[in-house]
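The values are calculated or read from the model by the stated rules, or taken from the named source; none is laboratory data. All figures in this text were calculated on a predicted structure; none of them were measured in a lab. Virtual Cβ from ideal backbone geometry, glycine too; neighbours counted across all protein chains shown.
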């Protein structure tokens, strides 16, 4: 029986999420034994034509050309998985959605007329139907193995949608907000990293985006009790998942407050 | 000369990090134009860093590149510390070198085994190569993992580590956590030796380029984080003097800025440059291994960069073992910062070469202006120079072989196009007019 064909595509991104596939050193050759890596330019010159059974898409849509290209990819993909914060939420480059793209271009490039870019950085789901979203900046490589395995086995991937707090409790990490007053996005952020930052005495900074039902209002109030300003809240919610709706709304709310109070 | 019209279009160069394009035009057997362009969509990091707190820079700039996030974290933290007059010394400084060793091992081994070796052995990918050389691919994967393990322990995770901050770390590892890395690193020392033997046995196209090699140089050690910027042609300047000596130009064919040395032109950053400028700082085992591999103190054949990556991998393994051996847990994980307005410069040696950052900060430590000069942008002109020479030497090859050797010569630089802005699109156009 022919192996399922896997393709990997990249849009605006850092390559880190697709690199996760090469970072499963112990399993890479085993994976190559159960799926046919048919189109993965970062790893191979060989390009086997679609259609593909499973397509991994990294990166966000930021150029007119890419806004076209994602439709072609959707047409040749049976099951399309977005990997990482760029593909699922627009990534850190979505910060330009709040700025003046023309001014941004002038800041970085001497000849803005050479640059062809959209005014926004948007997630893949804003353009085409997505079958599964894998969160993280970067994704967790074992979660990627789980998604590919689940696809082969014809089941739903076992990926948590609860918050980072649950992971802290599981690993026995004392709450950094309670024990040393460190602001932490863990209560509103989806699990997936294993509650890494709190285990390094640092507050979560939201790599996996909003959890299923985030109470950002309550969390922001708790941060303010720790002395964080409105501007500080804007910085926190405008991170790697800034354009994901619950974070976007919260960031905009505190920005309006900061402006009203002249912070 | 061959007659008739030959057009070669290769839509991607594979096995590089990112999206770029190369166009070669040959008219009547003469090279008319060679360019290497970058079509990675621009992400505007330097623009959206404006207004962010200084403390965001290491985490945000890490996202420029999933392959070398440590480099971005190091250059940005050093730049901020320069602005605040802070200096990170002792064991904290050693831990920074250690995490950089991890990144060099992981990145160099990824490139040697998974991206570049398939060119020399004639395979489309490492997975194809594994069908005939499973032991080689397994050696590479295990060695790569040893590098990632260092980054994991010190940084929290391999990609976009979370433990680096301006002033040091959030938490320092215990001696025990580091000692757990030792057995695998001891295995890695032998594995790196084997790697050098393996890659130095490949066959290399003959080529020597009169490169200006630019890298950091430090009086006491092979450079990672600190030193002056030097070249084999007399450049010797402080990191803070960058903009006086280097120029970035924006050209139509690329979303990355091209770098030049003012009044001189193209230059070369990366393993060959570091090696040539710092050969005597390598460990005796590295120098011996180089000698045995037939590499002198200066190597001018860019195809042999794979051997120098092997030598640097051995160095990084030995340096990691030394640091772990001498490690004592410091009392605090970071140094105090005196936040004030100022300008900061930082440069460190990413696996692919020198990475310069400059920030202007306001009195609250918010970023007013950011400048980031990644290694691949600096190598763009040199890559084009190499392509011209390779093309000249290889015009008689059939189109598919010519394309492959040109791609291989781009891969000599382990280009990270995500960094430089990413999709390599190779086109060779041959026009015959008579």
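Being away from chain B (no Cβ under 11 Å) and either in contact with a helix residue (DSSP H, G or I) (Cβ under 8 Å, 6 or more places away or on another chain) or surrounded by fewer than 17 Cβ atoms within 10 Å (Cβ to Cβ) (or both): is that true of residue A:75 here?
Details: away from chain B (no Cβ under 11 Å): yes; either in contact with a helix residue (DSSP H, G or I) (Cβ under 8 Å, 6 or more places away or on another chain) or surrounded by fewer than 17 Cβ atoms within 10 Å (Cβ to Cβ) (or both): yes.
Yes: the conditions hold for residue A:75.
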Of all residues in the stretch A:178-198 being surrounded by fewer than 21 Cβ atoms within 10 Å (Cβ to Cβ) and in a helix (DSSP H, G or I), the one that is nearest to the other protein chains (Cβ to nearest Cβ): A:180
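Being more than 7 Å from chain B (Cβ to nearest Cβ) and either closer than 30 Å to residue B:70 by Cα or buried (at least 24 other Cβ atoms within 10 Å of the Cβ) (or both) narrows it down to one of A:33, A:59, A:16, so name that one. Don't jump to the end; show me each part of the working.
Working: A:33 fails: either closer than 30 Å to residue B:70 by Cα or buried (at least 24 other Cβ atoms within 10 Å of the Cβ) (or both); A:16 fails: more than 7 Å from chain B (Cβ to nearest Cβ).
Criteria check complete, one pass: A:59.
State whether the residues of the stretch A:136-145 include one that is within 11 Å of another protein chain (Cβ to nearest Cβ) and part of a helix (DSSP H, G or I). Before you say what the answer is, go through the steps one by one.
Just the residues of the stretch A:136-145 that are within 11 Å of another protein chain (Cβ to nearest Cβ), to begin with: A:136-141.
Those left that are additionally part of a helix (DSSP H, G or I): A:141.
Yes: one or more hits.
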Any chance residue B:197 is within 14 Å of chain A (Cβ to nearest Cβ) and part of a helix (DSSP H, G or I): no
Residue satisfying all of: in the stretch A:1-13; outside any strand (DSSP E or B) and at the interface with chain B (Cβ under 8 Å from one of its Cβ atoms); nearest to residue A:139 (Cα to Cα) among these: A:13
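Can we say residue B:147 is more than 21 Å from the chain's Cα centre (by Cα) and modelled with pLDDT of 95 or more? Quick ask: steps written out before the conclusion?
Values: more than 21 Å from the chain's Cα centre (by Cα): no; modelled with pLDDT of 95 or more: yes.
Criteria not met by residue B:147.
Is the stretch B:93-100 home to any residue that is touching a helix residue (DSSP H, G or I) at 6+ places or on another chain (Cβ under 7 Å), at pLDDT below 95 and crowded, with 24+ Cβ neighbours inside 10 Å? Walk me through it before giving the result.
Start the filter on the stretch B:93-100 by keeping residues that are touching a helix residue (DSSP H, G or I) at 6+ places or on another chain (Cβ under 7 Å), which leaves B:94-100.
Subset that is at pLDDT below 95: none.
No: zero hits.
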Those residues of the stretch A:62-72 which are buried (at least 19 other Cβ atoms within 10 Å of the Cβ) and more than 11 Å from chain B (Cβ to nearest Cβ), in sequence order: A:70
Residue check, residue A:43 under 15 Å from the mean Cα position of the chain (by Cα), within 22 Å of residue B:415 (Cβ to Cβ) and within 7 Å of another protein chain (Cβ to nearest Cβ): no
